[in-house]
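Chemist: One structure coming up, written as structure tokens, with questions to follow.
The values are calculated or read from the model by the stated rules, or taken from the named source; none is laboratory data. All values reported here derive from a predicted model rather than from experimental measurement. Here Cβ is always computed from backbone atoms with ideal geometry, including for glycine, and neighbour counts include all displayed protein chains.
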């Protein structure tokens, strides 16, 4: 959960205007939220940058659960990293409090042409009319599936255009011999594409939301479909989820499918004997997926802006994005790398990485507004009650409106 109260007392930030840019080879610190396998990818990136003469970089990998809290604390104490990697759903509070220096002019000076990159993540990281942070990836929500469990159950591989009914039937057929068919997190970033596919919305205005709309017919029907799937017994129950997370259940053969973004790939590749692939999301009405994108931000108080920009330019450039693509972490935001063997080669799991690129025309993103991290927390907590505790959906949706709408209206 984002520590908003801490951000309210940021004191070490300025807009950076007129600041001394520092030497382009000055030492810098870079904080990333990453699990161990992800951190290894970023260490490789930093090593390559340093070997190329880019200057010294102190990489600060933090668990994803602690990343935002550590960032907020670092800014409040005046010890912020020069560069930090953050999801588009979470950066707006930092911009609002003056913690981020708009990166567009810095990258232009470093020779980065944003026309070479996919537009959707650039739009998501544009706030107050300026590109605030530079996206490293353009991932989407996909279905991870276990080939061995599909074969054992005699279930055919997912089709590119499968429907929600196909998905439900597949999950049911895979639920056997101690295996659950599918795992679905109770989060808005998992539910949003299903809601959109069914013709619903999650807020009243994507650009300037003032209230949630999950209770309205299209959205409610999509959520009810998920509740019905859970009620069929095809998903892990509360005790199973408390004992082990969905990625771990998938890695150990307890769940045959789960929904997530590209972020899972480094860890899944390390699981010995796991044969997995990815498929597009099932369609309720129209094909839709949700953007998953992280970007490098430069702290407004950094005294080494030139070095920070040089590192970011390398990280999102041809060499940097090739390294992170080979490591499995990203769907590159740089078009030339995304369409190269570094990302698409079927020799490295998942073999069907083209699925991520096929989703790009159908990508939408959740609102970019300072209160959104808190709104996500509210929605996730309430959906968990419906998904895991059996609380009636309408009661949960009413509570979401009661708690989340004032947050949207106060920002």
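Chemist: Report whether or not residue 287 is surrounded by 22 or more Cβ atoms within 10 Å (Cβ to Cβ), modelled with pLDDT of 95 or more, more than 30 Å from residue 96 (Cβ to Cβ) and in the same structural domain as residue 176 (by TED's automatic domain parsing).
Modeler: Here the answer is no, as residue 287 does not meet what is asked.
Chemist: Which condition number does residue 124 fail, the rest of (1) within 23 Å of residue 336 (Cα to Cα); (2) surrounded by fewer than 22 Cβ atoms within 10 Å (Cβ to Cβ) being met?
Modeler: (2)
Chemist: Hey, another quick one. Could we say that residue 312 is crowded, with 21+ Cβ neighbours inside 10 Å and not assigned by TED's automatic domain parsing to the domain that holds residue 157 here?
Modeler: Judged against the criteria, residue 312 is a match.
Chemist: Can you tell me which residue is farthest from the chain's Cα centre (by Cα) among those in region 323-354 that are without any contact (Cβ under 8 Å) to a residue 12 or more places away in the chain and in a loop (DSSP other than H, G, I, E, B)?
Modeler: Top of the filtered list is 347.
Chemist: Can you list the helices (runs of 4 or more DSSP H) lying wholly within region 84-164 that have 3 or more residues being touching a residue at least 60 places away in the same chain (Cβ under 8 Å) and under 26 Å from residue 329 (Cα atoms)?
Modeler: Passing ranges, in order: 92-96, 119-124, 147-153.
Chemist: Sticking with this structure for a sec: Of the numbered conditions (1) surrounded by fewer than 23 Cβ atoms within 10 Å (Cβ to Cβ); (2) farther than 29 Å from residue 407 by Cα, residue 264 fails exactly one; give the number of that condition.
Modeler: Of (1) surrounded by fewer than 23 Cβ atoms within 10 Å (Cβ to Cβ); (2) farther than 29 Å from residue 407 by Cα, only one is false for residue 264: (1).
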